[in-house]
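A.B. asks: Let me give you the structure first, and then I'll get to my questions.
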Amino acid sequence: MVEEGDLKLYIYICHCNVQNMKLAALTSGGKDSIYAIYLAQLDGHEVTHLVTIKPSRDDSYMFHSINIHIVDMISRACGIPLVLETSSGEKEEELADLERALSALDVDGVVVGAIESVYQGSRVHRICDDMGLEVVEPLWHRDPAQLLRDMVSVMDIRIVQVAAMGLNEKWLGRVIDIAAIDELLELSRSYRIHVCGEGGEYETLVLDAPFFTSRIEILDTETVWKGDWGSYQVKEVKLVPK
């Protein structure tokens, strides 16, 4: 079993020793998981399923809930089947929900978009280790600013939730572009937020990526603001051919 202290070495070994696998991709529809899929495909892996865990509470330790219903549209946009599993969102108990979703799939491994989160990474590794699955983490410990620049060069990314000093209501629905990255870097220096939002400072939704055959167009939204945090709730979307 993989312990948290061994996580870096374990990921390094996985990356060095496995190629051309059939992978399930853990995704919430945000930039990290979608970009991880793209990089896994560039490495020659076949992503056969999207796996989304839908928590029943907003404060899940493992899984995002904002605009999670749009993952079905992402599945249609890229042609990769979606496996959706509901979860109580209770700490540690929600891991069984992920294991249940993965147990039904004929895959060699799992691709995830973790950048620095040892909490999430160690638990995914533990499950996959028990199930005999490899873990692919192409974003792990990459420079956050450069990683975000690489992402915006190929994806349409919108900010859909903010919960950190310096991130006000004006950020909701905003496209992450080079100007936004420069502002995030300034906020990182002032308030020590993670540039990629790895600490939950902000959440994102991807509307287009290189492996999408259609892009997602937003038709209706609702903005909610509650003092020091807010969300950009997508109500209606459609697919547009590229």
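Here, each number is a calculation from the coordinates, and none is a lab measurement. Everything numeric here is computed off the predicted structure, so don't read it as measured data. No Cβ is skipped: glycine too gets one built from the backbone with ideal geometry, and neighbour counts run over all protein chains shown.
A.B. asks: For the chain, find the longest principal axis of its Cα atoms and tell me its angle to the long axis of helix 94-103, 0 to 90°, nearest 10.
C.D. replies: Value to nearest ten degrees: 60.
A.B. asks: What's the local net charge at Gln19, with K and R +1, D and E -1, over the other residues with C-beta under 13 Å away?
C.D. replies: Taking every Cβ under 13 Å from that of Gln19, the sum is -3.
A.B. asks: Assuming R0 = 51 Å, can you tell me the calculated FRET efficiency for the pair Glu99 and Ile178, based on Cβ-Cβ distance, to the nearest 0.05?
C.D. replies: 0.80
A.B. asks: Here's another thing I want to ask about it. Taking a point 7 angstrom from the Cα of Asp150 along the C-beta vector, which residues in the stretch 99-113 have backbone N less than 20 Å away?
C.D. replies: Residues 110-113 fall inside that zone.
A.B. asks: Where both partners of a DSSP beta bridge lie in the chain, what percent of those bridges are antiparallel, to the nearest 5?
C.D. replies: Rounded to the nearest five, the antiparallel share is 55 percent.
A.B. asks: While we're here: I need Ile34, Ile68 ordered by Cβ neighbour count within 10 Å, fewest first.
C.D. replies: The fewest-first ordering by Cβ neighbours comes to Ile68, Ile34.
A.B. asks: Rounding to the nearest 10 and keeping the result within 0 to 90°, find how far the Cα-based axis of helix 7-17 lies from the longest principal axis of the chain.
C.D. replies: Helix 7-17 and the main axis of the chain meet at about 70 degrees.
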